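The values are calculated or read from the model by the stated rules, or taken from the named source; none is laboratory data. Just so it is clear, the structure is predicted and the values come from calculations on it, not from any experiment. Please note: Cβ atoms are built from the backbone with ideal geometry, for glycine as well, and neighbour counts cover all protein chains shown.
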């Protein structure tokens, strides 16, 4: 893969900013609710002794994984990453009612969770704007005027 060169269009820069913010918000949400993350990991991975350290590692791993598509888009203008981001954002949207149902009835929706959902949807949409589409079509290369 060739590295993308030249300046990134505004939609790509906004996408990177929004998804970085979204990934950090997700990590912060998990760090603020480590006991819940620990309990969830214990039910999903009963064969392992899950500790508070395991919950912290899980939050950091999820942060790292969330940053991979950002790097693929930013560094290589990967069209595959563009679609991956869209699929993951749609998955978050589809799973939102289920995640809300898992919350305690008297517990209000987390502002960080809502912000994360919104940021991922807007970030994915930015990858399909005309400016971003042109940039992906050129594979991140800037067009240089031809001398005749």
Would you be able to tell me the number of residues in the range 3-37 that are free of Cβ contacts under 8 Å to residues at least 60 places away in the same chain and either part of a loop (DSSP other than H, G, I, E, B) or over 29 Å from residue 71 (Cα atoms) (or both)? 3
Breaking point among (1) touching a residue at least 40 places away in the same chain (Cβ under 8 Å); (2) over 14 Å from residue 20 (Cα atoms); (3) surrounded by 13 or more Cβ atoms within 10 Å (Cβ to Cβ), for residue 134: (3)
Does the range 69-89 include one or more residues that are farther than 30 Å from residue 141 by Cα, at pLDDT 95 or above and part of a helix (DSSP H, G or I)? no
Counting only residues that are touching a residue at least 60 places away in the same chain (Cβ under 8 Å) and part of a helix (DSSP H, G or I), how many does the range 99-123 have? 8
The correct count of residues that are surrounded by 12 or more Cβ atoms within 10 Å (Cβ to Cβ) and assigned to a helix (DSSP H, G or I) in the range 38-67 is 16
Determine whether residue 49 is over 18 Å from residue 135 (Cα atoms) and within 14 Å of the chain's Cα centre (by Cα). no
